[in-house]
Amino acid sequence: SNITGIDFTAETVVYSISGVVTEAGAGLEDVRIQVSDGFTQTIFTQSNGSYLISGIPHGTANILITPSKSGYAFSPNSRVISGPVVNNISNVNFVTEPPPAPVLLTPADGSSDLNITIDLHWKTTERTDSYGIRVLNGASDILVDETGITDTNYTVSDLEYGTTYYWQVNAVNSSGSSSWSSEWSFTTGKLTTHHIPLQKGWNMISSYVDPLNKSMWDLFNDLIDNLSLVKDGDGNIFIPEFDINNIGMWHYTNGYLVFLSSHPDTLTLTGVALSPESAPVPLKSGWNLVSYLGHNSSNVSIELESIEDKLIIVKNGNGNVYIPAGVIGPDPINTIGSMVPGDGYQMYLNADAELIYPGGGTPSVKLARTTSQPTSVTNGTVQTASAYSSVRPTDNNAILIIEANGFQNGDEIGVWNGSGTLVGSGVIQNGNSVITVWGTNVTSNEEVAGAITGEPLRLTLWSNELRKESDLSIVSIYDVTAFTHIGNELTYLPDAVWLTEIEIADEIPVAFALFQNYPNPFNPLTTIQYAVSEEVRVVLDVYNVLGQKIRTLVDDEHTAGIYEIVFDGTKVSSGTYFYRIHAGDFVETKRFILLK
């Protein structure tokens, strides 16, 4: 718009110029006028928009007039008045310019697999009073033609699935409109169906599909008779039997705990398959129950690279874990292996973060989740605990990371609650074992024996070589999430992550015993273990099948304790042999076989 009425009058007596600056007939407030004629004066506007500029010499002058106003651009940006200073210097007009064209922000140009409701964002443009936007489909039909938008975002909804759209924005002020921005495109996703298999009992689930119908009632309608409850990471619950729904709607960034009461089933979600790299997941400091948006299984360290500097531990529904390198040692701990579509994950962070999965891959129509018993994974080797029976998952657990340097690979550790029930077990690999300790169900009525908060826990070691169990003592306990040492007494606490150092507890046998050698058969070495319950002389001999003594392994005084000796059959022929112990009145013989 033209700024008109800039009229300056030279008064020959007082040598001054006065004038008024207006735009469209209205005075412009806060305008600065600078007049130069061998000197410079800056005069601020008065409330009526008029100016009084003193000290203008009588006679011929060159006067430079330069207006300025925050948020305005003038064209031209100055005007020179030349000639004698006379009354009524007029025709000095300045024009404010329209704003520049906006710059678009999100969704990124060419984005695909988006939902049918989309927030469009652009940068703030200077000298702008409002914005206009238009959205077209591939047939050039104008779906949105909106003006007077004062924010830098606009939500467009009710789009079609699997369709490409184009959008532009312009900026407007009192001088007019800018040109339209660059034209960007986005494509909504095609409908995808995700089938999530559920086992009886507890399941930790999520989906890469953003469902069309987000109502918990509608999503779980086919499972209602089998569904006890659904729980999110904030403790909100959906219990259809009692018409309780604090969760409200399903959200794709969340993981969920689902409990089925009677039999396995399948949850089916239909909606848009999200692009993982375009769907950031906000995480808070502390524990989060998080969705996995990947369309295919992928190594957990790759998928979580964007938050690795803030990540302490990840757990899946089976109690397997991933702990990044540097948290408790130079090497990572990974019993999860790969993240799996359909699984949810608990993640503990030391600061707020935004998780962005790297994406890639094409979603399948049906992707099954894996279920497994607690395992130990080191350098890609998986070994399932076998000496101790598996423990059924519940809705809460803690993670026990055991430093077992000096213990044998393949030996197993059991965790027991105060009533003597096994509540967790794990295998030792390369000096450590990762064990999920399961607690008693909190949010379901199913009777599953687990640890109770505050209950003392006991550890045992099963030696595969000696085929015997021993009690373990805890040397120290470090709380990984609290970054503090907490003594050596282990009591159950849901979601705790403990790093412990162990040793075999002092044992005094209650009776004499001779244990079977291990391995058996052997070549050429085998270990023989025996127990002595009091101070006594012990003799341990080896005989052939003819009853001839071929070697004395032990002949010495012993105090009470458990002992072991290695028999080397390098210089002995293959065959069956016997080993016999004499300890006071105790005598026992066992057979072993040497195979070369």
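Tabulated data for the structure shown
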quantity: Cα-Cα over 24 Å, subset of K468/K549; K468/K590; K190/K214; K200/K231; calculated: K468/K549
quantity: Test item: Cα-centred dipole of region 429-573, Lys/Arg +1 and Asp/Glu -1 on Cβ, debye; calculated: 680
quantity: Volume per residue of the C-alpha convex hull in region 476-553, rounded to whole Å³; calculated: 192
quantity: For q = 0.13, 0.17, 0.21, 0.25 Å⁻¹, Debye-computed log10 I/I(0) when each Cα of region 186-268 counts as one equal scatterer; calculated: -0.38, -0.65, -0.99, -1.41
quantity: Binned Cα-Cα distances of region 411-493, short to long, each 10 Å bin given as a whole percent; calculated: 16, 46, 30, 8, 0
quantity: Region 104-113 - phi-based ³J(HN,Hα) in whole Hz, Karplus 6.51/-1.76/1.60, Gly and Pro as x; calculated: 7, 10, 9, x, 4, 4, x, 4, 10, 6
quantity: Three-way shape label, region 158-303, alpha-carbon gyration tensor, a/c 1.5; calculated: prolate
quantity: For peptides 412-420, 427-435, sequence by mean Cβ density within 10 Å, most packed first; calculated: 427-435, 412-420
quantity: C-alpha center-to-center spacing [region 160-231, region 260-295] in angstrom; calculated: 12
quantity: Options H195, G148, A171, ranked by Cα towards positive dipole end of region 128-203, top entry (Cβ charges); calculated: H195
quantity: Environment charge at Y131 (Cβ cut-off 12 Å; Lys +1, Arg +1, Asp -1, Glu -1); calculated: -1
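Read-outs throughout are calculated quantities, based only on the coordinates presented, and are distinct from any laboratory measurement. Bear in mind that the values here come from a model prediction, so they are computed numbers and not experimental data. So basically every Cβ, Gly included, is an ideal-geometry build from the backbone, and we count neighbours across all protein chains shown.
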